[in-house]
Amino acid sequence: MDIPDWMRWAFCVFAAVQLIFVYRGVQLLRRAEPGRRTDPWLAVADGAVGVVMSVGLALGSFDVLVGAGAVLLAIGACKGIRALLARRAAKPAPAADGGAVPAGE
């Protein structure tokens, strides 16, 4: 890939900023309760793969970009599925006695 030099430096700066977020995510992961660590793990993995993707773009490596993109897609799918399941679990159940009463009773 032919990437201009200024864009390579921009990707390097972006990777450095992402490293700060990965560090913050690791700190949150260390403080998480044992049963609540999946979301912080996914956040750390998302940031780490984002750093790899940014460095791959800065170096112009198409192979790194494709590999990191596939892993990032899998992480995004896991995050999406977890969000969907959490939303479904948080939905209140309908009341049993609040339904329609048959005529004649």
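Helices that extend 20 Å or more along their long axis by alpha-carbon positions and average at least 1.0 on the Kyte-Doolittle scale are, among the DSSP H runs of the chain, 38-59, 62-90. Could you work out the helix-only [θ] at 222 nm for the chain, with each DSSP H run of four or more residues adding -39,500 (n - 2.57) and the total divided by the number of residues, to the nearest 500 deg cm²/dmol? Calculated at 222 nm, the ellipticity per residue is -26500 deg cm²/dmol.
Between A43, A83, A15, find the one with the highest GNM mean-square fluctuation for the chain; connect C-alpha pairs within less than 10 Å. Taking springs between Cα atoms under 10 Å, the residue moving most is A83.
Annotation: per residue accessible area for region 1-80 equals 68 Å², rounded to a whole number [probe 1.4 Å, protein chains only]. The residue among F14, L42, A58 whose Cα reaches farthest toward the positive pole of the charge dipole of region 11-58, with charges on the beta-carbon of Lys, Arg, Asp and Glu, is L42.
What is the calculated FRET efficiency for M7 to C78, with r their C-beta to C-beta distance and R₀ = 41 Å, to the nearest 0.05? Calculated transfer efficiency: 0.85. Centroid-to-centroid, using Cα positions, region 1-23 and region 37-82 are 15 Å apart.
In whole percent, how big is the carbon plus sulfur part of the accessible area of the chain, probe 1.4 Å, protein atoms only?
Values: 5400 of 8010 Å².
Using a 1.4 Å probe with all protein chains present, the chain comes out at 67 percent carbon and sulfur.
In terms of Cα atoms, the Rg and Dmax of the chain work out to 21.9, 81 Å.
In this Cβ point-charge picture (+1 for Lys and Arg, -1 for Asp and Glu), the chain has a dipole of about 360 debye about its Cα centre.
The values are calculated or read from the model by the stated rules, or taken from the named source; none is laboratory data. Here the structure is a predicted model, which is why all the values come from computation and not from measurement. We place every Cβ from the backbone using ideal geometry, glycine too, and count neighbours over all the protein chains shown. When the accessible area is computed, the model is the full protein with side chains, heavy atoms only, and any ligands, DNA or RNA have been set aside. Shrake-Rupley method; radii C 1.70, N 1.55, O 1.52, S 1.80 Å.
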